[in-house]
1. Select the helices (runs of 4 or more DSSP H) contained entirely in region 33-146, then report the ones holding at least 3 residues which are in contact with a strand residue (DSSP E or B) (Cβ under 7 Å, 6 or more places away or on another chain) and at pLDDT 95 or above.
2. Identify the residue in region 100-140 that is over 19 Å from residue 153 (Cβ atoms) and within 10 Å of the ligand (Cβ to nearest atom) and, among all such residues, is nearest to the chain's Cα centre (by Cα).
3. Residue by residue through region 89-99, note down the ones that are under 14 Å from residue 39 (Cα atoms) and within 9 Å of the ligand (Cβ to nearest atom).
4. Among (1) out of contact with any helix residue (DSSP H, G or I) (no Cβ under 8 Å at 6 or more places or on another chain); (2) over 17 Å from residue 65 (Cα atoms); (3) more than 14 Å from the ligand (Cβ to nearest atom), which single condition is residue 173 missing?
5. Taking the conditions exactly as written (more than 21 Å from residue 141 (Cβ to Cβ) and at pLDDT below 95), does residue 14 satisfy them or not?
6. Within region 21-32, how many residues are in a loop (DSSP other than H, G, I, E, B) and either within 14 Å of residue 129 (Cβ to Cβ) or near the ligand (Cβ under 10 Å from one of its atoms) (or both)?
7. From 83, 50, 37, which residue is more than 8 Å from the ligand (Cβ to nearest atom) and either in contact with a helix residue (DSSP H, G or I) (Cβ under 8 Å, 6 or more places away or on another chain) or more than 20 Å from residue 178 (Cβ to Cβ) (or both)?
Ligand SMILES: Cc1cc2nc3c(=O)[nH]c(=O)nc-3n(C[C@H](O)[C@H](O)[C@H](O)COP(=O)(O)O)c2cc1C
């Protein structure tokens, strides 16, 4: 085993920061937003997760003040779309840094579908999408209380879209949807195989 403090790694052994490779796999927050002026945006965020079930709340973290954060802050709404193996190229294209107002949906030739409650569109071919209302926007700080580059957006899920072809005997067939996960460096994983375990008694 080696040990190091994060700011002090041996760069001859680990020339590239291994941070994201160690927090693997991460679900991908493929976030669509609409500005108050009506501009539409979508981008992937792998600092993404669920943080509450009842009611459902999700979070993503923006490294700098990007369009997704700007639009979510303006309209207090966003949409999470599941990124899947079939949509991997499109997902990757939507991470392009386009100028404000240019839609990544058009750039990636991604079909949109309307939402029911929020104004932003969703990805038509994503098997699952969440319509979210912003609950909190929180700057990330270090132990000295200094603001870092990242900002967390927490959103309550107010509407859920599911492609019913993936519902089998009352359960969602996760492996059939082939969700993507982000690893480190240029790597991704795709969930195609799953296994189940029963909890221990009292677990
Ligand atoms: C799979 C993947 C995951 C990403 N995760 C994040 C993330 O968690 N936070 C972040 O700030 N940028 C992340 N990025 C980069 C953004 O997607 C990229 O900066 C994008 O241009 C932001 O778009 P926006 O300005 O339209 O919001 C990720 C990119 C990819 C391809």
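The values are calculated or read from the model by the stated rules, or taken from the named source; none is laboratory data. Computed from a prediction, not measured in an experiment: that's the story for all the values here. Cβ atoms come from the backbone with ideal geometry, glycine included; neighbour counts cover every protein chain shown.
1. The qualifying helices (runs of 4 or more DSSP H) are 67-75.
2. This residue is 103.
3. If the condition is that a residue be under 14 Å from residue 39 (Cα atoms) and within 9 Å of the ligand (Cβ to nearest atom), then 98 is the only one that fits.
4. If we test residue 173 against (1) out of contact with any helix residue (DSSP H, G or I) (no Cβ under 8 Å at 6 or more places or on another chain); (2) over 17 Å from residue 65 (Cα atoms); (3) more than 14 Å from the ligand (Cβ to nearest atom), just (1) comes out false.
5. Spelling it out, it is not the case that residue 14 is more than 21 Å from residue 141 (Cβ to Cβ) and at pLDDT below 95.
6. Residues meeting the conditions: 1.
7. The unique qualifying residue is 37.
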